[in-house]
Amino acid sequence: ILAAGLGTRLRPLTDDRPKALVTVAGRTLLEITLSRLRSFGVSDVIVNAHHHAQMIVDYLQAHNNFGMKIEVSLEEQLLDTGGGLKKAAHFFSDSPQEPFLLHNVDVLSNIDLGQMVRLHSEQRALATMAVQDRITSRYLLFDEQGQLCGRRVMRVPKTESSKAESGAAQADQLVRPAEQMQPLAFSGIHVLSPEIFEKMKEQGAFSIIDAYLHLAAQGEKIIAFRAGGYYWRDLGRPENLLEAAQDIATGKFSAPLYPTS
């Protein structure tokens with residue numbers, strides 16, 4: 001679980017706590033994510049932490065790790081998504097043949113993680129990314145076979161409607177040739193094969209997306225899992241938390257609960 005970020009978009013809520021311990025509908029983002037993972041049979045988890053990291057350690061201890069085997073990967077300096085994952089590589093050495101999930105702590109979804117893992121295994125992919133056809137400022141580009149071939153950064157003037165992309169400046173970075181490309185928005189959930197650790201050559205702090213693009217350029221199989229039919233919400237801003245709480249209250253989204261007995 002990627003939880004080391006400063007949570008700057010969630011300020012002032014993150015002034016005195018990590019974003020993982022911000023609550024929505026009375027539950028922390030970390031608990032909701034752990035409950036989702038546990039409901040798909042995940043029992044071993046590593047969480048990276050930096051901002052108010054000791055609070056995460058204490059929180060997990062106070063809740064008996066929610067009945068799971070949990071390790072905390074402490075980062076003295078932020079390592080970004082790729083560097084944070086690489087620092088945690090030791091955690092996956094006991095299962096070198098089994099794919100694993102990488103999940104942002106600040107996304108809420110009912111994406112079928114089991115289907116993601118099955119697609120990943122069937123396609124013999126190095127990485128599988130949950131993506132959706134929705135408006136974003138940063139798209140990933142996929143070819144006709146659903147393989148990553150580049151990215152697109154949109155620069156939409158703030159006065160434009162969020163749905164009006166005509167006239168918006170865009171910059172494409174292509175790493176593999178493709179006759180047709182579809183821009184899709186990444187949802188912060190991946191399935192990866194452990195051999196990615198020996199293939200990532202980046203060091204220190206780096207983005208996992210940058211690593212994916214470098215690997216795709218070398219012919220590695222980075223594929224899309226189409227998650228358009230599932231509920232998904234970014235919880236990176238205070239207003240998003242309010243919307244998510246409303247979704248939970250109305251039953252639009254339901255997260256599994258940790259059994260108390």
Of the residues in segment 74-92 that are outside any helix (DSSP H, G or I) and free of Cβ contacts under 8 Å to residues at least 60 places away in the same chain, the one that is nearest to Asp44 (Cα to Cα) is Ala88
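Kindly indicate whether any position in segment 158-178 is modelled with pLDDT of 80 or more, open to solvent by 40 Å² or more (accessible area, probe 1.4 Å) and part of a loop (DSSP other than H, G, I, E, B).
Initially, segment 158-178 is screened for residues modelled with pLDDT of 80 or more, giving 172-178.
When the remaining residues are screened for being open to solvent by 40 Å² or more (accessible area, probe 1.4 Å), the result is 172-174, 176-177.
Those still in the list that are part of a loop (DSSP other than H, G, I, E, B) too: 176-177.
For segment 158-178, residues modelled with pLDDT of 80 or more, open to solvent by 40 Å² or more (accessible area, probe 1.4 Å) and part of a loop (DSSP other than H, G, I, E, B): present.
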Taking segment 95-132 and keeping residues assigned to a loop (DSSP other than H, G, I, E, B) and more than 17 Å from the chain's Cα centre (by Cα) leaves Ser95, Pro96, Gln97, Glu98, Gln123, Arg124, Ala125
Across segment 111-128, the tally of residues that are crowded, with 17+ Cβ neighbours inside 10 Å and either of a type outside the set (A, V, I, L, M, F, W, C) or under 24 Å from Thr8 (Cβ atoms) (or both) stands at 2
Checklist entry - Out of curiosity, is Ile189 out of contact with any Pro (no Cβ under 7 Å at 6 or more places or on another chain), over 26 Å from Leu6 (Cβ atoms), buried (at least 21 other Cβ atoms within 10 Å of the Cβ) and β-branched (Val, Ile, Thr)? => result no
Taking segment 129-153 and keeping only residues that are open to solvent by 50 Å² or more (accessible area, probe 1.4 Å) and among the charged types (D, E, K, R), one is left with Asp133, Arg134, Arg138, Glu144, Arg151
Quick count over segment 1-18, residues being open to solvent by 30 Å² or more (accessible area, probe 1.4 Å) and outside any loop (DSSP other than H, G, I, E, B), is 2
When His103 is run through (1) surrounded by 15 or more Cβ atoms within 10 Å (Cβ to Cβ); (2) over 30 Å from Leu241 (Cβ atoms), the failure sits at (2)
Selection over segment 209-235 where residues are buried (at least 18 other Cβ atoms within 10 Å of the Cβ) and at pLDDT below 90 yields a count of 0
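Applying the selection to segment 42-66, what residues are in contact (Cβ under 8 Å) with a residue 12 or more places away in the chain, open to solvent by 60 Å² or more (accessible area, probe 1.4 Å) and not in a strand (DSSP E or B)? So that I can check it myself, show each step before the final result.
Residues of segment 42-66 that are in contact (Cβ under 8 Å) with a residue 12 or more places away in the chain, as a first pass: 42-53, 55-57, 59-60, 63, 66.
Subsequent filtering for residues that are open to solvent by 60 Å² or more (accessible area, probe 1.4 Å) retains 43-44, 52, 55, 63.
Within segment 42-66, Ser43, His52, Met55, His63 meet the criteria.
The values are calculated or read from the model by the stated rules, or taken from the named source; none is laboratory data. All values reported here derive from a predicted model rather than from experimental measurement. No Cβ is skipped: glycine too gets one built from the backbone with ideal geometry, and neighbour counts run over all protein chains shown. Accessible surface is based on the protein model in full, side chains and every heavy atom, while ligands, DNA and RNA are left aside. Shrake-Rupley method; radii C 1.70, N 1.55, O 1.52, S 1.80 Å.
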